[in-house]
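Below is one structure, written out as structure tokens; the observations come after it.
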Amino acid sequence: MRTPVYAHIYDLFWTNNYTYNLGVGFYHSGVEVYGKEIGFGGHPFAFSGLFEKPPKDMDELGPNFRFKETVLLGYTDFTESDIDEMMRGLSQEWYGNSYHLVTRNCNHFSSELAKLLCGQEVPAWVNRFATMGSRVPFVQRWLPQEWLTPVALDFTIQDMLGEDIQDPEHLKLITFCNKIPVHLRRHS
């Protein structure tokens, strides 16, 4: 049975209200398949930056996100089980500390996942700012460095989880969002 694959696109900054007509903006995207939206986010730790959330749920993304639109990208023949296996592999490639606003962001991940699922990428305008930034070097120098890569958090993982982590291997089972089902958190 063919299952639809959607890209959900979110505005990141109020400036998009003005820059959209110029063809640029700051956007977040996630890919929905089988009623789950999968995305990528940056953090300063060496474990998966992939997360899963209810489709179009902005509360899980944070106060700066505003839902913009959904785009039907195509259909997939992969089963849920196939996709779970695919996510296990991708979770080892998309660590949170590899995030970079211009060269490896949520939209890059969404495009890669969508291409695997249905052969289509998210619309080019969603990542146009990053594309411009990668081709015009002064753009990266113009942006604050803390926008480009994840900065250290003001609290430790132990504080975030409310537990003392004695075994460093346990960190490999944790995701930044920590709301991903166990099968997406495994790295081994």
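Using only the Cα atoms of the range 4-53, build the gyration tensor, take square roots of its eigenvalues as a ≥ b ≥ c, and label the shape rounded, prolate or oblate: rounded if a/c is under 1.5, else prolate if a/b is larger than b/c, else oblate.
In terms of gyration-tensor shape, oblate.
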Residues meeting the amide H criterion for Y95 (H placed from the backbone, H to H distance under 5 Å, 5 or more places apart or on another chain) are G49
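Give me S111, S48 ranked fewest to most by other Cβ atoms within 10 Å of their Cβ, as a rough exposure proxy. Show your work: numbers first, answer last.
On the way: S111 21, S48 29.
Ordered from fewest to most neighbouring Cβ atoms within 10 Å, S111, S48 come out as S111, S48.
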For the range 83-99, in residue order, the Karplus 3J(HN,Hα) values (coefficients 6.51, -1.76, 1.60; θ = phi - 60°; whole Hz; Gly and Pro = x) are 5, 4, 5, 4, 5, 4, x, 5, 5, 7, 9, 10, 6, x, 7, 8, 5
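How would M87, M132 line up from fewest to most surrounding beta-carbon atoms within 10 angstrom? If you can, show how the numbers build up before the last one.
Values: M87 22, M132 13.
Ordered by Cβ neighbours within 10 Å, fewest first: M132, M87.
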At the level of C-alpha centres, the distance separating the range 21-77 and the range 91-124, in angstrom, is 10 Å
Fewest to most Cβ atoms within 10 Å: H108, H100 sort as H100, H108
If the chain between D77 and L22 were fully extended at 0.36 nm per residue, the gain over the current Cα-Cα distance would be 16.1 nm
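Throughout, read-outs are computed from the coordinates displayed, never taken from laboratory work. Note that the structure is a prediction, hence the values are computed from the model and not measured. Neighbour counts run over all protein chains shown; Cβ positions are idealised from the backbone, glycine included.
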